[in-house]
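Before any comments, here is the structure.
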Amino acid sequence: AYEELVRICEDTGPTPWRSTGGDGFVDAWWDVVVRAWCEESMACSPTQVLNYTSITAATQLLPLVPAVTAADAESCRAPAVHEAPEVEVTPAPDPLDPTCPLVHDEFEDLRGVYVVVVMFTGRADRLRISLRYLLRSRREHGGVVDEVEFAVVNPNPRSEVLAILRSVQQKYPRTLLEDYTPEKWTGRNRMEDAYVGPRRKRYREGKPVVYVKVDDDVVYMDPRTVGYLVREKLRDRCMFVSANVVNHAILSSIHQERGALRGFEPTAPAPAPWVRTAAVSQFPVERYPMSTCVLRRWDCAAVAHESFLSRERDGTLCAFDFGWHNFHGAGYEEHSYGHLSPWAQATWDSVGARWSINFFAYTVDDMQGVDWSRVFGPGDDEEEMTSPFPRRLGRPACAVGAALAVHFSYNSQDYLLTRKTKLLERYASLADRLVPGIQV
């Protein structure tokens, strides 16, 4: 009987009658066998019958089934219940070269929020690059930014910087210009006014206001970065919310740990682009708020920039995305260091997780309790807001991995970085390609 069934199945077409066990019985007929046997022998049970998968057991059961005909054999065409589906085998993704999804976000949930960007500015060559990304983030271009204020701190050259900013004022409504240079500023603390002065409101046009402070040497920002920062700020899990900044005093070590920084070395006379030499950079990015590699070495910045630019080209920028990061965890909070204020000509000891405030979101209420008497100028704001202030309040600051941005240089990196590389010019070319419709 078994051989007859096999012959008919083979003669009538596809034969999915063997189970994955190799010595199985016809699955399509198995229910018939179970029913027949259970009708003849009350001692059986479905569980017992299903345990019989050998040819011997099947042969013993077949006499209980009526004669097999060609018409009955059509059931042989049914897919075997235990037959494994065909699976296309693909190699596992490379975590160092990930496939990054294309994400589009309309930020519908932020239509009821008034977003103000305060850009601290003064460097014409970087301003021409950063402005193009910033203007793309305005509501007029499909972004989330309602208003921009330029806080002019140390314009260089002054006439060119002011000409650029006034040109933007003429093209875009809700664009303000405030001169915070020491020569022009009198009265109250200029840094306090820039962050929480009389113009800073909790509500505008009936909407809650979120402020985003950004430096003019941010030479790249993802079109969703501002929106991601505002959204996380509204969740109220963090006092301040930072972008995921490439070339950053704390985040660079996280990028290194994730393998986002690739191995690059100069193989031609400066200022030729560096050449990729390894999958992962071996530069010693210390896990320390004031990392020597980041704050002192121009070549450390070059590796970060070359890594970013290469990943932008091959579509793997999501390698930088760490998800969400608490600046005051992971051991950074325990570090101590000395802070030098060039504005006050003074140095004092500090402790905590000082992180670079190149690009972060806040509200007016977040600034309540800042000791402005210790904030004399740029740099002092970072020292107070990221270390002593959050420790006094017990409120952490965080960073959002998807909110990608690039900080060009610290003062200690800038001299050699601009003389030994053409990275600034390459970022200008990148802006030409990514933001072609917005010129400054």
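Some values worked out for this structure:
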item	result
Residue selected from the range 213-238 under the condition open to solvent by less than 20 Å² (accessible area, probe 1.4 Å) and among the aliphatic types (A, V, I, L, M), by the criterion farthest from H328 (Cα to Cα)	V219
Pairs, first open to solvent by 70 Å² or more (accessible area, probe 1.4 Å) in the range 167-188, second assigned to a loop (DSSP other than H, G, I, E, B) and at pLDDT 95 or above, C-beta under 8 Å, six or more apart	R174/D146
Selection within the range 399-440 - open to solvent by 20 Å² or more (accessible area, probe 1.4 Å), polar (S, T, N, Q), modelled with pLDDT of 95 or more and within 21 Å of L251 (Cβ to Cβ)	none
Subset of the range 353-398 (residues that are in contact with a Gly (Cβ under 8 Å, 6 or more places away or on another chain), open to solvent by less than 10 Å² (accessible area, probe 1.4 Å) and without any contact (Cβ under 8 Å) to a residue 24 or more places away in the chain)	F389
Single match in R126, R111 (criterion: among the basic types (K, R) and touching a residue at least 40 places away in the same chain (Cβ under 8 Å))	R126
Number of positions in the range 130-163 that are open to solvent by less than 10 Å² (accessible area, probe 1.4 Å) and part of a helix (DSSP H, G or I)	6
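The values are calculated or read from the model by the stated rules, or taken from the named source; none is laboratory data. What you see is a predicted model, and the numbers here were worked out from it, not measured in a lab. In this analysis, Cβ positions are derived from the backbone assuming ideal geometry, glycine residues included, and neighbour counts consider all displayed protein chains. Accessible surface is based on the protein model in full, side chains and every heavy atom, while ligands, DNA and RNA are left aside. Shrake-Rupley method; radii C 1.70, N 1.55, O 1.52, S 1.80 Å.
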